[in-house]
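Asks: Pasting a structure below so you can have a look.
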Amino acid sequence: QVQLVESGGGLVQAGGSLRLSCAASGSIFSINAMGWYRQAPGKERELVAAITGDNTKYADSVKGRFTISRVYAKSTVYLQMNSLKPEDTAVYYCNANIRRTPTSSGYDYWGQGTQVTVSS
């Protein structure tokens, strides 16, 4: 069993900051990558940020405002969100590509989602 537990969502005003966290636990051999997706009402889920080793990628809409980081010893990924805008309002989902055994391929696991609401 693999579980991703998210925390850190909430309600903030425009220009404020939030820090999301996601911890993976369970039967894990290695984590290939971790990232964050978000989905606003009536819209498709989109990639916000991802990290693999020391490589990171960001959606154009969040570059310069959001920072993704990872603590390998705790199997945890963070998303620091600064200068938040109303258009950042969405449910944010943690994602991890995890190998459960040395010979298995990676499989995507998802967190439960955490609501981020930015007021204007």
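The values are calculated or read from the model by the stated rules, or taken from the named source; none is laboratory data. Here the structure is a predicted model, which is why all the values come from computation and not from measurement. Neighbour counts run over all protein chains shown; Cβ positions are idealised from the backbone, glycine included. Note: accessible area is taken over every heavy atom of the protein model, side chains too, but ligands, DNA and RNA are not part of it. Shrake-Rupley method; radii C 1.70, N 1.55, O 1.52, S 1.80 Å.
Asks: Which of the numbered conditions does G10 fail, given that it passes all the others? Conditions: (1) closer than 12 Å to T114 by Cβ; (2) in contact with a helix residue (DSSP H, G or I) (Cβ under 8 Å, 6 or more places away or on another chain); (3) not aliphatic (A, V, I, L, M).
Replies: (2)
Asks: Only one of G53, G35, G26, G42 is under 19 Å from R99 (Cβ atoms) and without any contact (Cβ under 8 Å) to a residue 12 or more places away in the chain. Can you tell me which?
Replies: G53
Asks: Then there is this: Can you tell me how many residues in segment 46-55 are more than 10 Å from the chain's Cα centre (by Cα) and surrounded by 18 or more Cβ atoms within 10 Å (Cβ to Cβ)?
Replies: Number satisfying all stated conditions: 0.
Asks: Exactly one condition in (1) modelled with pLDDT of 95 or more; (2) more than 13 Å from the chain's Cα centre (by Cα); (3) open to solvent by 60 Å² or more (accessible area, probe 1.4 Å) is false for S105; which is it?
Replies: Status for S105: all satisfied but (1).
Asks: Say whether the condition of being within 11 Å of the chain's Cα centre (by Cα), closer than 14 Å to L47 by Cα and of a type outside the set (K, R) is met by at least one residue in segment 69-81.
Replies: Within segment 69-81 (the criterion being within 11 Å of the chain's Cα centre (by Cα), closer than 14 Å to L47 by Cα and of a type outside the set (K, R)), the answer is yes, since at least one residue qualifies.
Asks: Determine whether K43 is out of contact with any Phe, Trp or Tyr (no Cβ under 8 Å at 6 or more places or on another chain) and under 19 Å from T89 (Cβ atoms).
Replies: yes
Asks: Same structure again: Going by the structure shown, is S61 closer than 14 Å to V2 by Cβ and not acidic (D, E)?
Replies: So S61 fails the test.
Residue by residue, here is whether (1) surrounded by fewer than 17 Cβ atoms within 10 Å (Cβ to Cβ); (2) closer than 18 Å to T117 by Cα; (3) in contact with an Asp or Glu (Cβ under 9 Å, 6 or more places away or on another chain); (4) of a type in the set (K, R) holds:
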| residue | (1), (2), (3), (4) |
| --- | --- |
| R19 | yes, yes, no, yes |
| Q39 | yes, yes, yes, no |
| K57 | yes, no, no, yes |
| S61 | yes, yes, yes, no |
| Q80 | yes, yes, no, no |
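Asks: Keeping to segment 82-102, report how many residues are acidic (D, E) and either over 15 Å from the mean Cα position of the chain (by Cα) or within 13 Å of G35 (Cα to Cα) (or both).
Replies: Residues meeting the conditions: 1.
Asks: Within segment 27-37, can you find the residues that are of a type in the set (F, W, Y) and surrounded by fewer than 20 Cβ atoms within 10 Å (Cβ to Cβ)?
Replies: F29
Asks: Please identify the pairs in which a residue from segment 78-91 that is basic (K, R) has its Cβ atom under 7 Å from the Cβ atom of a residue that is buried (at least 16 other Cβ atoms within 10 Å of the Cβ), counting only partners at least 6 apart or on another chain.
Replies: Once the first residue is basic (K, R) and sits in segment 78-91, its partners that are buried (at least 16 other Cβ atoms within 10 Å of the Cβ) give K85/V118.
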